1. Mind telling me which of the residues LYS240, LYS220 ends up being without any contact (Cβ under 8 Å) to a residue 60 or more places away in the chain and in contact with a helix residue (DSSP H, G or I) (Cβ under 9 Å, 6 or more places away or on another chain)?
2. Considering region 182-196 alone, what residues qualify as being surrounded by 15 or more Cβ atoms within 10 Å (Cβ to Cβ) and either touching an Asp or Glu at 6+ places or on another chain (Cβ under 9 Å) or outside the structural domain of ILE235 (by TED's automatic domain parsing) (or both)?
3. Can you pull out the residues in region 113-143 that are closer than 28 Å to LEU217 by Cα and part of a helix (DSSP H, G or I)?
4. Within region 99-127, can you find the residues that are surrounded by 13 or more Cβ atoms within 10 Å (Cβ to Cβ) and either on the phi > 0 side of the Ramachandran plot or touching a helix residue (DSSP H, G or I) at 6+ places or on another chain (Cβ under 7 Å) (or both)?
5. Pairs under 9 Å by beta carbon, first residue in contact (Cβ under 8 Å) with a residue 40 or more places away in the chain and over 21 Å from GLY120 (Cβ atoms) in region 63-82, partner exposed (fewer than 15 other Cβ atoms within 10 Å of the Cβ) and of a type in the set (Val, Ile, Thr), six or more apart or different chains?
6. Can you find, within region 42-55, the residue that is nearest to LEU119 (Cα to Cα) among those that are surrounded by 21 or more Cβ atoms within 10 Å (Cβ to Cβ) and without any contact (Cβ under 8 Å) to a residue 60 or more places away in the chain?
7. Take the conditions at pLDDT 90 or above, over 28 Å from ARG252 (Cβ atoms) and outside the structural domain of GLY236 (by TED's automatic domain parsing) and apply them to ASP78. Does it pass?
Amino acid sequence: MWQTRTFLVLAKTYPGPSAAIQEAVCTAAVDEDGKLTRLFPVPFRTMAEAKRFKKWQWIQARVQKAPHDHRPESYKVDYDSIEPMEEMPAGRGWPSRWALVKHLVQPSIEAVRDSGASLGLIKPRNYSLKIEKLRNPQWTEDEIQKMLPGEGNTDLLGSPLTPRTVLEKLPVQMRYVFDCSDDEARHDFIFEDWEVGASWRSWSKRYRTPTLLHAALVHKYVEEPTKKDNMYFFIGNNYKRQHIWMVIGQARPNHLARSATLRG
C-alpha cells in the first residue's frame, strides 16, 4: 500500500507531544498533481539533519492513505524515507511558487467546507492577531512523559528514540480574527504555524516586555502583510473535532504585493 511520491511542502505546525513518536508535526503539502496533502506524523526535531525539509521545498517520501483518518487529504508518511530535494527560492522565485498553488485559492471558509476538503487556501480580509496567556503554560506530567524516550523504546517504524531537549511549550495561544472575501462572517482561528512559534521563542529573549514582544509579532504577522495586501492563509481542521479549523501556515507572494499608495 506504500507509494513513493513527490510533494512541495507548504506549511508545518508547531510540534506537539505524541505517545508514539515523542513529538509530532503536521505538514501540509501539494503533490505532483497539484492536490493538497496532509503528511502526518512527522517527528521533525528528532529526524536526522539530512531528512529535515523547509517550506517551499520539494521532498520525496513513501506514503499511504492514513488508515484511521478519513479526511481525504490525510496520508501517513514513512519519515525514514523522506528525501529533501530542490528548494523553490523566494524573491524572484515567487511567480514559480505561486503557479503551483494559486489554483487552490478558495473565496471563503464556507467554500472550503462545502467542497468536503479538510485543507484549503484562502485570502483573509481585515485580519488581526490575538495573543492570550494559557491557563496552563507548562506541559502536564503526562505530556512530558510522552516526549521522553524510555530505554529501548522505538517509534512506529522501529527506529530507536534518542534523548534531546524537551520541546518548549508556548505560554500563549495566538489566534487570527478575520473576514473572507465573499462572506460577512467573522472568523477566529488558532494560529498553529511553526514559524510564529519560532518567532515567539526567539523574540521572547530579545524583547524585555510582553508589550514589546506582542508589538513585534503584530508588526510581522499583521502590519507588514496588510500594507502589501498579499497575505494568504493555509487552513486545516482538527482530526478529533473536525468542526474546528486553524490557520496552519501563510503565503505572502512578493510579486502580488501592492503598496498602500497603489491601492488608493
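The values are calculated or read from the model by the stated rules, or taken from the named source; none is laboratory data. Everything quoted here is computed from the prediction, not taken from an experiment. Please note: Cβ atoms are built from the backbone with ideal geometry, for glycine as well, and neighbour counts cover all protein chains shown.
1. Details: LYS240 fails: in contact with a helix residue (DSSP H, G or I) (Cβ under 9 Å, 6 or more places away or on another chain).
One residue alone meets the criteria, LYS220.
2. To start, the set of residues in region 182-196 that are surrounded by 15 or more Cβ atoms within 10 Å (Cβ to Cβ) comprises 187, 189-196.
Result: HIS187, single match.
3. Our first condition is that a residue be closer than 28 Å to LEU217 by Cα; within region 113-143, this holds for 118-140, 143.
Answer for region 113-143, where residues must be closer than 28 Å to LEU217 by Cα and part of a helix (DSSP H, G or I): just GLU143.
4. Listed by number, the residues that qualify are GLN106, GLY120, LEU121, ILE122, TYR127.
5. Partner pairs satisfying both residue conditions: SER81/THR4.
6. This residue is VAL42.
7. Numbers: at pLDDT 90 or above: yes; over 28 Å from ARG252 (Cβ atoms): yes; outside the structural domain of GLY236 (by TED's automatic domain parsing): yes.
Spelling it out, ASP78 is indeed at pLDDT 90 or above, over 28 Å from ARG252 (Cβ atoms) and outside the structural domain of GLY236 (by TED's automatic domain parsing).
Here is a yes/no grid of residues against (1) assigned to a strand (DSSP E or B); (2) assigned by TED's automatic domain parsing to the domain that holds ILE82; (3) over 18 Å from ILE235 (Cα atoms); (4) not basic (Lys, Arg):
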residue: ALA28; (1), (2), (3), (4): yes, yes, no, yes
residue: GLY34; (1), (2), (3), (4): no, yes, no, yes
residue: THR37; (1), (2), (3), (4): yes, yes, no, yes
residue: PRO41; (1), (2), (3), (4): yes, yes, no, yes
residue: LYS55; (1), (2), (3), (4): no, yes, no, no
residue: TRP58; (1), (2), (3), (4): yes, yes, yes, yes
residue: ARG62; (1), (2), (3), (4): yes, yes, yes, no
residue: HIS68; (1), (2), (3), (4): no, yes, yes, yes
residue: ARG71; (1), (2), (3), (4): no, yes, no, no
